[in-house]
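A short worksheet on the structure shown next.
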Ligand SMILES: [Zn+2]
């Protein structure tokens, strides 16, 4: 094997690529061994680190978007919804989501989710949103905002999986975890200021995908119409996404 590898790398580019695929992660600049070659998993083309990255973020390489990157898109989606709330497609999406949310049941705060199915955990995540009185409109705006950001960002990972996982994560941030506020002494002013703690228990990759699939089932048809308009509204207000090449000025 060592002999074949040696000759392949030197003389035969195609063979060398094949060998590399089996032995080394295909993500650029990653030199870790693939799961298969390491014997730690089933992935033939990626290392363990990048497999776990995909499970958490929905992409082997793209990180989860920051709330600040997503915000202008969600705001624009909210504005789009206000202008189109009587449209048939929006009404259909809204009632489908409402109907689903009405059926998710209640949340017991002391509920132990260990050992429960993915579908059950995803339902609990939606039940938390309902208990936190997050309006259905907001959930739709987040899905549209995430879809628009991925479409508008030239450096994004434009796959269905990235979209649904990112939408699920953004929705999940709204409701989960412990949120505490308390006063601390501020030496600069001599008075007190408020400190905040937000703890979000992590949802597993499977649960995130289930949450994302549910949002997609209700919102994807609407997204086809709305996304280009949401992007246009966002660009008008905040300028083009930073990934866009600068437009040459005409004199
Ligand atoms: Zn890797």
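Laboratory data are not the source of any read-out in this text; all were calculated from the coordinates shown. It should be emphasised that the depicted structure is a prediction, and the values quoted were computed from it without experimental measurement.
Summary table
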{"quantity": "Prolate/oblate/rounded label for the stretch 67-238 (Cα gyration tensor, a/c 1.5)", "calculated": "oblate"}
{"quantity": "Shape of the stretch 122-173, Cα gyration tensor, a/c cut at 1.5", "calculated": "prolate"}
